[in-house]
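The values are calculated or read from the model by the stated rules, or taken from the named source; none is laboratory data. Nothing here was measured: the structure is a model prediction, and the numbers come from that model. Every residue, glycine among them, receives a Cβ derived from its backbone with ideal geometry; neighbour counts consider all protein chains shown. The protein model used for the area step is the full one, side chains on, heavy atoms only, and it has no ligands, DNA or RNA in it. Shrake-Rupley method; radii C 1.70, N 1.55, O 1.52, S 1.80 Å.
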Amino acid sequence: MKNFLISAFLGFAAMALLNLTASYTGIALPVSRLSVAASGLLGIPGVTLMVLLNAIL
């Protein structure tokens, strides 16, 4: 349970950091139920996956 909470926190932090630096990097993720759930459940790999899918699609 502790590892899941740490992973979820890191996923939320990565998504927040990504959106805060969007004006400098040009990479932003929309904040929706699906993206928040993916970053919470999958953590940093989930955020990375969403960035890659956003770049491809």
* Pairs, please: C-beta under 6 Å, at least 6 apart or cross-chain, first residue under 11 Å from Val47 (Cβ atoms) and of a type outside the set (Lys, Arg) and in the range 3-30, second in a loop (DSSP other than H, G, I, E, B) and open to solvent by 40 Å² or more (accessible area, probe 1.4 Å)? -> Asn19/Ala28
* Residue that is surrounded by the most Cβ atoms within 10 Å (Cβ to Cβ), among those in the range 31-57 that are free of Cβ contacts under 8 Å to residues at least 12 places away in the same chain and outside any helix (DSSP H, G or I) -> Ser32
